[in-house]
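Some notes on the structure that comes next.
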Amino acid sequence: MVKGIEHIGITVEDPDKAELFFKHTFGAEVLHRVVPFGEEDKHIPGEKLSSIQGFPPELAMTSVTMLRLADGPNIEIIGVSPVVTNQKRTIGNSGFNHISIYTDDITATGERMRQNGATMFEGPNDCFGCEAGQGNQIWFGLTPFGLLIELVSLPSGVATISTTQRWIPSE
């Protein structure tokens, strides 16, 4: 049966820069490198991956690094050749548009994002609707590699219409 999200894959222009951002900003740890960055003999041609995962046959997978990020899903950083250009995401984009990272100190985490090159939007902001509550806040930032990250802190919990509770990291 389904247990939850195991990892989130992010293809970026500069995999090393993205890896360092997650390590320095959020304390992520490298679990393993499926395709080590800079080792051309280990690149995977697109033709080999196309039928398996719809990977464009004209590209090559040049790096794949799995990061562990605290008590949530893993993050997979992917590099390709020819290099793709980072695309800035917004909530208004169709499809996958952001990840949300839970933090107990939204101000300090937002400042760490800024110190590591992220552009922070106005915030932190109080949550609204069913997420409203004492101390419940969100703050969005755009990483140097174009990924929109929502920081969230929900010390008061959230209202739900289900008997299932929203997942919040353990203490």
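The values are calculated or read from the model by the stated rules, or taken from the named source; none is laboratory data. The model shown is predicted, which means the values in this text are computed figures rather than measured ones. Neighbour counts run over all protein chains shown; Cβ positions are idealised from the backbone, glycine included.
Yes/no per residue for (1) modelled with pLDDT under 90; (2) over 28 Å from Val158 (Cα atoms):
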| site | (1), (2) |
| --- | --- |
| Glu47 | no, yes |
| Met61 | no, yes |
| Val64 | no, yes |
| Gly72 | yes, no |
| Asn93 | yes, no |
| Ser100 | no, no |
| Asp105 | no, no |
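Output the qualifying pairs, or none if there are none: Cβ atoms under 8 angstrom, residues six or more apart or on different chains, first residue in segment 26-54 and farther than 23 Å from Asn74 by Cβ, second residue outside any loop (DSSP other than H, G, I, E, B) and among the β-branched types (Val, Ile, Thr). What qualifies is Glu40/Thr62. Looking only at residues in segment 90-117 that are over 12 Å from Leu142 (Cα atoms) and either in the same structural domain as Lys23 (by TED's automatic domain parsing) or out of contact with any strand residue (DSSP E or B) (no Cβ under 9 Å at 6 or more places or on another chain) (or both), which one is surrounded by the most Cβ atoms within 10 Å (Cβ to Cβ)? This residue is Arg112.
Matching residues to (1) hydrophobic (A, V, I, L, M, F, W, C); (2) over 24 Å from Pro144 (Cβ atoms); (3) in contact with a strand residue (DSSP E or B) (Cβ under 7 Å, 6 or more places away or on another chain); (4) not in a helix (DSSP H, G or I):
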| site | (1), (2), (3), (4) |
| --- | --- |
| Lys17 | no, no, no, no |
| Gly38 | no, no, no, yes |
| Asp41 | no, yes, no, no |
| Pro57 | no, yes, no, yes |
| Val64 | yes, no, yes, yes |
| Glu76 | no, no, yes, yes |
| Val84 | yes, no, yes, yes |
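When we screen Glu76, Glu58, Glu13, Glu122 for residues that are farther than 20 Å from Phe140 by Cα, of a type in the set (Asp, Glu) and surrounded by fewer than 14 Cβ atoms within 10 Å (Cβ to Cβ), the only hit is Glu58.
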